[in-house]
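Here the structure comes first, spelled out in structure tokens, and everything after it is commentary.
Please treat every number below as a calculation from the coordinates, not as lab data. All figures in this text were calculated on a predicted structure; none of them were measured in a lab. We place every Cβ from the backbone using ideal geometry, glycine too, and count neighbours over all the protein chains shown.
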Amino acid sequence: MTTNVSISPQADFSQELLEWIESFDDVVVGEGAEQGAALLAALKQRAHEAGIAGSGELTTHYLNTIPKHEEVPYPGDRALEQRIENLIRWNALAMVHGQNKKDSGIGGHIATYSSLATLLEVGFNHFFHASYGDQPGDFIYFQGHASPGIYARAFLEGRFDEQRLLNFRHELRDTPGLSSYPHPWLMPDFWRFPTVSMGIGPLNAIYQARFMRYLENRSLIPATPRKVWAFVGDGETDEVDTLGALTVAAREKLDNLVFVVNCNLQRLDGPVRGNKRIIDELEGVFLGAGWNVIKVIWGSDWDALFERDHTGLLLKRMEEVVDGEYQAYKAKGGAYLRQEFFGKYPELLNLVSHLSDDELIHLHRGGHDPVKVFNAYKRAVEHKGGPTVILAKTVKGYGLGSTQARNASHQEKKLAEDVLASFVREFDLPIAEEAARAAKLYLPRKDAPEIVDLQERRSALGGYMPSRELRPLHFQAPDLDYFKEWTGGSRGRDVSTTMGFVSILRHLLKDPTIGKLIVPIVPDEGRTFGLESAIRQVGIYAADGQKYKPHDVDMLLFYREEKDGQILEEGITEAGSMASFTAAGTAYANYHVPTIPFYMYYSMFGFQRVGDMIWAFADARGKGFLMGGTAGRTTMLGEGLQHQDGHSHLLASTVPTCLSYDPAFVYELAVIVQDGLHRMYEKGESVFYYLTMYNEDYPMPEMAVDASKALSKDVREGILRGIYKFRPALAGKAVAQLFGSGPILNEVLRAQQLLAEKYGVQADVWSVTSYNELRREALTVERWNRLHPSEQEKTPYILKALQKTSGPIIAATDYMKLVSDQLAPWLHTRLVSLGTDGLGRSDNREHLRRHFEVNAESIVAATLSKLARDGKFEAARAAKALVELGIDTEIGDPARR
Ligand SMILES: Cc1ncc(C[n+]2csc(CCOP(=O)(O)OP(=O)(O)O)c2C)c(N)n1
Ligand SMILES: [Mg+2]
């Protein structure tokens with residue numbers, strides 16, 4: 001083929017150019033592609049030295065990356081594999097169609113899988129290892145909307161019977177169902193990775209590949225050729241999460257990572273880039289981020305046309321056309337393609353004059369050609385030194401007749417009976433027309449050649465996929481005595497709960513048994529939390545070790561990076577950190593290594609920033625500790641509105657597997673961490689913890705002991721359930737109950753004192769470690785009572801705890817009032833909640849707490865006011881007290897200021 005290179009008009013350069021090209025061709029043909037690449041690199045270097053700028057282009061021609069002459073032959077029985085693929089296509093669509101006929105509106109997708117089928121089948125038959133010996137195999141993040149195809153394959157494999165498929169999206173029936181999308185929570189033996197919230201799958205896949213390396217480099221698992229494959233929609237790449245961490249993969253040289261972008265050119269509403277070509281755009285993005293890019297655009301049947309096109313005109317035409325047109329060709333058929341695409345140039349019309357319209361429309365796109373896909377995958381798994389992306393061009397709704405490549409094809413769930421019948425004919429399925437029209441599932445006999453081949457392929461690759469298998473963890477959590485140093489209090493020293501936590505963490509890191517399993521994660525906030533000593537102790541993980549001498553090397557706590565470092569210092573990415581937390585928090589299932597992540601971050605940048613990922617973490621049955629630092633709208637002083645968290649506990653309450661606590665003291669924190677280790681890793685519960693920690697220093701009391709001098713069981717139980725009495729009334733019987741949480745408990749204690757000394761009002765003080773847990777328990781009890789009206793009523797823990805107490809309840813937290821309001825339905829008296837509703841401010845704690853009305857004075861005022869309303873305190877005296885306390889009764893509500 002000659003090249004269409006434009007040259008300077010000043011001189012006729014064409015002869016010289018031809019000679020250069022011939023010489024280059026000689027090198028490539030005679031000595032190989034590597035030498036060709038070396039020659040090109042040397043020339044580039046020379047050009048650079050001579051001051052000739054490179055073009056900087058990150059897009060190559062709209063052609064397959066692997067030329068035909070470099071392809072290896074397909075190793076499998078293509079005809080047989082094609083029949084298997086066709087059967088899976090049929091069962092997937094029959095399942096979705098049938099379910100929607102039966103239960104209109106139940107949903108499901110056909111078009112996504114129809115575009116993805118070949119890309120998956122080549123993987124299932126030749127690449128996806130379920131295991132490497134006794135080690136876990138490859139991990140696959142499936143496009144969520146392609147789930148019907150995954151179920152249909154499992155049906156052929158004999159993993160699901162027909163009834164199971166008939167229960168697609170019917171999960172609440174008498175026999176087990178199939179979840180709409182990949183949800184390990186719902187199908188824990190099957191799915192590993194939740195992916196259907198767009199962008200979360202690819203992001204998690206990158207950090208999974210990185211965590212795989214971390215485990216290998218830290219000798220927690222042996223190295224194997226295992227890979228992480230992520231199947232991503234081209235529309236999905238619109239999500240910042242999908243592309244935002246690409247450089248991480250290149251920087252960390254993750255050659256265990258393969259992205260396959262299913263470029264069917266469409267998303268839900270219409271074309272992904274109607275006026276451009278998505279493959280060009282993505283090529284530039286991935287190349288720029290340092291990935292190995294393999295484009296699979298054209299199927300083998302185009303090769304013959306390329307060979308006959310000696311002028312480069314076919315390519316020129318391909319590069320004139322935008323995706324909106326490419327989509328229309330597949331929607332409108334062969335005659336349209338001939339007229340609109342080839343028809344622009346008579347030479348191109350000539351080129352295809354021997355092909356019928358039907359043959360024209362069946363010219364394949366690369367992603368539907370097993371040979372092209374196989375070669376791309378082979379290159380991808382053999383590539384060394386970095387991640388690979390395969391940009392595969394496909395057709396949305398491939399083979400679905402009038403549904404193919406339509407803007408509406410994404411949501412197509414039911415097909416006309418004629419379309420079903422013609423599908424069966426076109427894909428040559430052994431299904432009678434009547435059965436086709438009735439969308440009957442089709443399962444060949446076990447000894448049918450297709451099934452035998454399918455089973456053989458999977459057994460050669462180590463088993464079925466996807467599959468999630470749990471093994472016993474043999475984990476023993478330390479008992480509470482192990483945390484003596486922290487249950488013993490700070491002996492008068494002012495410390496914060498954050499400092500207390502970091503010293504617990506350092507202790508755990510030193511532990512000979514579980515120390516190596518601890519995974520501290522921090523997004524460039526280590527100094528904020530005082531992690532310097534931990535960095536010195538266990539080092540920061542750096543796949544390349546430390547190639548520089550840190551400027552602070554002479555200091556005791558220098559910045560230590562190590563190939564087997566333990567801390568994941570993620571840089572400024574809460575989403576990336578959450579992805580690491582997810583990889584580490586699910587390692588017990590994926591690698592059978594129960595790593596214990598502690599992810600420490602600014603609590604404001606947690607749930608509200610990466611809430612969807614936390615939801616997916618729950619779905620994935622993740623375990624670990626989210627440590628929301630610098631918490632509390634008035635305790636995080638100075639930083640102001642964007643930093644002051646007064647609501648993360650509310651958001652945490654929305655995640656069913658998340659146990660959230662707001663401890664005031666280090667011993668409470670120690671009790672919760674101990675319990676977490678026990679419940680998650682020893683008992684195997686699928687829960688995780690959210691703990692807020694603060695940067696306010698004050699003396700930490702020691703945990704109460706009982707008569708036998710052992711740590712009080714009641715206090716321990718109270719901490720874990722959410723409430724215990726911390727300090728009874730100072731003299732005599734309490735006429736009010738004061739609840740406090742986190743550092744605001746200190747304000748409550750001061751209020752208790754003020755009330756007693758200045759106003760003769762006695763009050764008990766309670767530490768409320770978790771309103772969320774108290775409410776959950778109360779709801780459970782209430783439900784039981786509702787369902788058992790004839791049995792003796794049970795009492796929620798909160799009421800048991802408050803038995804024999806009297807007086808109004810005043811609850812103060814550093815969080816929105818809704819946090820404590822959660823208990824209101826169960827209390828005998830109307831709860832008075834004090835909290836930090838409203839946008840934050842920069843100031844010191846004293847002013848912040850006065851502004852938000854959670855300081856001791858405001859608590860005293862609220863108590864007296866409530867007692868007055870209840871007729872237990874003289875109203876005029878209460879009004880006077882408010883003045884004495886310096887309360888501005890006419891100032892606007894901070895919730896709206
Ligand atoms: C975060 C999020 N936003 C929106 C959706 C709704 N949604 C589901 S599929 C889809 C289009 C997907 O297009 P693409 O990624 O190209 O996949 P295809 O089906 O074309 O293979 C959208 C918008 C979602 N699942 N997740
Ligand atoms: Mg798409």
>> Among the listed pairs 484/872; 372/516; 563/623, which have their C-alpha atoms separated by more than 32 angstrom in this model?
In response: 484/872; 372/516
> Cross-link partners among aspartates and glutamates for residue 102, C-alpha distance below 16 Å, same-chain residues fewer than 8 apart left out?
Replying inline: 162, 171, 412, 417
>> Run the simple label-point estimate for residue 29 and residue 102 please: 7 Å along Cα→C-beta, distance reported in nm.
In response: 6.2
> What does the charge count near residue 684 come to, summing +1 for each Lys or Arg and -1 for each Asp or Glu among other residues with Cβ under 12 Å from its Cβ?
Replying inline: +3
> If r is the Cβ-Cβ distance from residue 513 to residue 161 and R0 is 51 Å, what FRET efficiency results, to the nearest 0.05?
Replying inline: 0.70
> Tally Lys/Arg at +1 and Asp/Glu at -1 over every other residue whose Cβ is under 15 Å from the Cβ of residue 252; what's the total?
Replying inline: +1
> Can you give the Kirkwood hydrodynamic radius for the chain, in Å, rounded to one decimal and based on Cα pairs?
Replying inline: 31.1
> Label points 7 Å out from Cα along the Cβ direction at residue 12 and residue 459: separation in nm?
Replying inline: 7.1
> How far, in degrees from 0 to 90, does helix 417-426 lean away from the longest principal axis of the Cα atoms of the chain, to the nearest 10?
Replying inline: 60
>> Helix-only mean residue ellipticity at 222 nm, the chain, DSSP H runs n ≥ 4 weighted -39,500 (n - 2.57), per residue, nearest 500. What is it?
In response: -12000 deg cm²/dmol
> How many angstrom separate the Cα center of the range 220-255 from the Cα center of the range 286-324?
Replying inline: 25
> Tell me, 780, 118 in order of fewest to most beta-carbon neighbours within 10 Å?
Replying inline: 780, 118
>> Rounding to the nearest 10 and keeping the result within 0 to 90°, find how far the Cα-based axis of helix 856-869 lies from the longest principal axis of the chain.
In response: 70
> Hey, what angle do you get for helix 574-585 against the long axis of the chain, alpha-carbon based, 0 to 90 degrees rounded to 10?
Replying inline: 90
> Which residues in the range 641-674 place their backbone N less than 11 Å from a point set 7 Å from the Cα of residue 839 along the Cα-to-Cβ direction?
Replying inline: 641-642
> Rounded to the nearest 5, what % of the DSSP beta bridges within the chain are antiparallel ones?
Replying inline: 15
> Residue by residue, what Karplus-based ³J(HN,Hα) values in Hz, rounded to whole numbers, does the range 27-36 have, using 6.51, -1.76 and 1.60 with θ = phi - 60° and x for Gly and Pro?
Replying inline: 4, 5, 5, x, 10, x, 5, 4, 5, x
> Which FRET efficiency value, to the nearest 0.05, is calculated for residue 189 and residue 481 with the Förster distance at 41 angstrom and r the Cβ-Cβ distance?
Replying inline: 0.60
>> Under the rule of at least 5 residues apart or a separate chain, name every residue whose amide H is placed under 5 Å from the amide H of residue 698.
In response: 495, 496
> Fully extended, how many nm does the chain gain between residue 788 and residue 543 (0.36 nm per residue separation, minus their Cα-Cα distance)?
Replying inline: 82.3 nm
> Could you give the dipole magnitude of the chain about its Cα centre, charging the beta-carbon of Lys and Arg +1 and that of Asp and Glu -1, in debye to the nearest 20?
Replying inline: 3060
>> For a quick check of your reading of the filter: which GluC sites (Glu not before Pro) in the range 819-896 sit in a DSSP loop and have no more than 13 other Cβ atoms within 10 Å?
In response: 874, 890
> Fewest first, what order do 645, 888, 161, 280 take by the number of other Cβ atoms within 10 Å?
Replying inline: 888, 161, 280, 645
> Near the amide H of residue 586, under 5 Å away, which other amide H atoms are found, from residues 5 or more places off or on another chain, if H is placed in the peptide plane?
Replying inline: 623
> If each residue's Cβ is checked for other Cβ atoms within 10 Å, how do 231, 124 rank with the fewest at the top?
Replying inline: 124, 231
>> Could you give the length gained by full extension between residue 877 and residue 440, i.e. 0.36 nm per residue of separation minus their alpha carbon distance, to one decimal place?
In response: 149.2 nm
> What FRET efficiency, computed as 1/(1 + (r/R0)^6) with R0 = 22 Å and r the Cβ-Cβ distance, is obtained for residue 847 and residue 818, rounded to the nearest 0.05?
Replying inline: 0.40
> Between the range 13-49 and the range 667-744, how many Å separate their Cα centres?
Replying inline: 73
> What number comes out for the charge environment of residue 423, summing +1 per Lys or Arg and -1 per Asp or Glu over other residues with Cβ under 12 Å away?
Replying inline: -2
> Using mean Cβ contacts within 10 Å as the protection proxy, how do 698-708, 569-579, 137-147 order, highest first?
Replying inline: 137-147, 569-579, 698-708
>> With just the Cα atoms defining each centre, how far is the range 63-122 from the range 533-602? Give it in Å.
In response: 41
>> For a test of the definition: using alpha carbon positions, the gyration tensor, and the 1.5 limit on a/c, classify the range 187-253 as rounded, prolate or oblate.
In response: oblate
